[in-house]
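Structure first, commentary second.
The values are calculated or read from the model by the stated rules, or taken from the named source; none is laboratory data. Quick caveat: nothing in here was measured; it's all calculated off a predicted structure. Here the Cβ positions follow ideal geometry from the backbone for every residue, glycine too, while neighbour counts run over all protein chains shown. All accessible areas refer to the heavy atoms of the entire protein, side chains included, with ligands and DNA or RNA removed. Shrake-Rupley method; radii C 1.70, N 1.55, O 1.52, S 1.80 Å.
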Amino acid sequence: MIDIVFASNEASRNAHRELYHFREQSYIIVTDNLIETITAFKGDLNKLHISSNWADIIKLAVWKSAPGVGDVFFLLRNMGITSEELLPFRDAEIADLFPWLYYGKRFDVLRKICFAARTNVEKHIRNKEARIHCHLTSEDTNRIVASSL
């Protein structure tokens, strides 16, 4: 079985490796556009794990290389967050939403975002038979905080 892990950075790789203990050769740190890397990937694999920080998992969940706050609001409303809850963030950056969800213990929403990312990757990856797993990592804790598993 061939498992490959695309990681946003070393911290995301280390967070994944702490739980899964894959060989070093399985990890690819994606410094370029993650969406383009996924769609262009031609390698042989059975499972693709994506271990990403908030910014990259949002890009996958909305399938845009440069999502706007409106894209994230639309995504969050579809995940069960009300417009009233989002009102304080109308002038915020996308990065400001993660601490609110994480420290507010909205793990159900974070998990749904991982599922949305997985669904988009499954739609766009060339190898349609590969199993996809998306993991959201926290830069504060250096751990996986939500997953599509």
- Query: Looking at this structure, is E93 open to solvent by 50 Å² or more (accessible area, probe 1.4 Å) and farther than 22 Å from V5 by Cβ?
  - Reply: yes
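Take the residues in region 63-88 that are β-branched (V, I, T) and crowded, with 17+ Cβ neighbours inside 10 Å, then tell me which one is nearest to F22 (Cα to Cα). Can you show your working first?
If we filter region 63-88 for residues that are β-branched (V, I, T), which is where we start, we get 69, 72, 81-82.
Keeping just the survivors that are crowded, with 17+ Cβ neighbours inside 10 Å gives 72, 81.
On the way: V72: 32, I81: 35 Å.
That would be V72.
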- Subset tally (residues that are in a helix (DSSP H, G or I), open to solvent by less than 10 Å² (accessible area, probe 1.4 Å) and touching a residue at least 24 places away in the same chain (Cβ under 8 Å)) for region 99-138: 6
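Given the residues S26, S52, S65, which is the only one that is among the hydroxyl-bearing types (S, T, Y) and at pLDDT 95 or above?
Numbers: S26 fails: at pLDDT 95 or above; S65 fails: at pLDDT 95 or above.
Only one candidate passes the filter, namely S52.
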- Considering every residue within region 28-35, establish whether at least one is open to solvent by 40 Å² or more (accessible area, probe 1.4 Å) and polar (S, T, N, Q). yes
- Query: Can you tell me which residues in region 128-142 are touching a strand residue (DSSP E or B) at 6+ places or on another chain (Cβ under 8 Å) and modelled with pLDDT under 95?
  - Reply: A130, R131, I132, S138
